[in-house]
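The values are calculated or read from the model by the stated rules, or taken from the named source; none is laboratory data. Computed from a prediction, not measured in an experiment: that's the story for all the values here. A quick note on method: Cβ atoms are made from the backbone with ideal geometry, for glycine too, and the neighbour counts reach across all protein chains shown. Ligands, DNA and RNA are stripped out before the accessible areas are found, and what is left, the full protein with its side chains, is counted by its heavy atoms. Shrake-Rupley method; radii C 1.70, N 1.55, O 1.52, S 1.80 Å.
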Amino acid sequence: MSRILKRAGAVLLVMIMTVCSVSCAGQKKSDSLSVDPDTAPHMTLALRSGIYVDAIESCLIPFEEENRVICDIVELGEEELHGGLVADSENKNGTYDLCMVDGSWMAEFTSKGILMNLSDAGYELDDDIIGATKTICYHDGALYLAPYYGNVTVLLYNKRVVDKLGFTEDDLKSLDSIKTVCDKAKESGNFGFMYRGDSNNNYVVDFLPILASYGGWVVDENNKPTVDTPEFKEAMAFYLELISSGKDESRDNLIIAIANGAAAMAIGWPGWYTPTARSSSDYIALTGKVSDDATAYNANVYGIWTIGVPENAQNKELSVKLLKYLMDSEVQKSTIEAGGVPCRYSSLQDAEVLKDNPPFAAVLEALENGVYRPVMEEWPDFYTILGEEMGTIIEGKKSIDEGLSDAQDRLDKLLN
């Protein structure tokens, strides 16, 4: 089966020999796929690179066999995927039969008519899907997307480090208690709280759970910026103290540091990886509380990857059939071994699944009490501006008051 890999604007067609491909049952492609890739029709899937591709690729063979098709995957980074889908939507005959969509793109994609109305095609989301994850998928009462991968912020921590410092998971129930553990880790010679400082987007999204716990947010109900506020300033001041116990790293180095005990904890995402029962790392859902007796807010931020069908897809009937297949509860459960994280109760509450993947209990809690990033066409420009100003604060180039005031002014100009 062919697999199209797109990197840095260049398209690289890599023919993967069937003997190397593995089905979700662990069989070699040559043992299980009888569809001839030279004569069968092909479908093209535009997917977010990484474990999201692994999850979908792991279960495609039964669909290909039943429908006598070959599914080619275009694997793209987040910005490439967004730009590629927008650009291709201008073509009458679309390139893609199915696509992954970040929830924050919903406003832009519906306003530009990029997505097919799934309600018109007779598809609706079932009650097994966690309710709060569905909200981003509708526009004017119609369904356009399906929540496929349950990516959501959680607290990633090293169990041994926390235990060695004399704490347990039950002690990590507020931001203040998290900071206490991280300060102790620093005093003992470890890093405390790690954070990603390698992009403006990462500056913002990994801070959002802290901001939400203080009762703040980046916009109001009318999507007007709310950055230069007392809540944001309090959250930012706390965050500077918290991250002073650790350091900034790339995602991969952050994961390694926590896994090997060099650091205590960080904001994590299941889309990076999900620890197993044998891992030194673990997850807990953030409570949304600053202190143990404070108000609890929804502070787990969604980074859910949804799937949809482009409006200009060439074979919409087959595309919808593929989407329905990928969203099937048993098919989704089968992807867990390949790194899948379904937004489904039947997967995240399954006793056998939890036996091998106990962090899924925290993922479920986070998904039930999560919040989507602002749904606005300008979100990429919004987080770029905010991330730039947050960076100047973190690097000590501007005070909190100065940086947030400048951010507010720039964001007001952007949205006005």
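One table, with the values for the structure above:
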quantity	calculated
Charge dipole magnitude, Cβ of K and R +1, D and E -1 - the range 268-408, Cα centre, debye nearest 20	540
Between helix 78-88 and the chain: long-axis angle, C-alpha atoms, 0 to 90°, nearest 10	40
Calculated P(r) of the chain - Cα pairs past 35 Å, %	29
At most 12 other Cβ within 10 Å, DSSP loop - trypsin sites (Lys or Arg not before Pro), the range 311-416	LYS397
Listed residues LEU415, LEU175 arranged by accessible area, highest first, probe 1.4 Å	LEU415, LEU175
GLU241-TRP272 pseudo-label distance in nm [points 7 Å out on the Cα-to-Cβ vector]	2.4
FRET E, pair SER279, ASP128, Förster distance 35 Å, beta-carbon r, rounded to 0.05	0.80
Within the accessible area of the chain (1.4 Å probe), percent carbon and sulfur	47
Structure-based [θ]222 nm, the chain - -39500 (n - 2.57) summed over DSSP H runs of at least 4, per residue, nearest 500	-10500 deg cm²/dmol
Positive-pole candidate from ALA132, MET327, ALA351, dipole of the chain, charges at beta carbon	ALA351
Magnitude of the charge dipole, the range 161-302, Cβ model with Lys/Arg +1 and Asp/Glu -1, debye to 20	320
Net charge over other residues, Cβ less than 11 angstrom from the Cβ of ALA142 (K, R count +1; D, E count -1)	-3
The chain - charge dipole about Cα centre, Lys and Arg +1 at Cβ, Asp and Glu -1, debye rounded to 20	840
Solvent-accessible area per residue, Å², over the chain with all protein chains present [probe radius 1.4 Å]	41
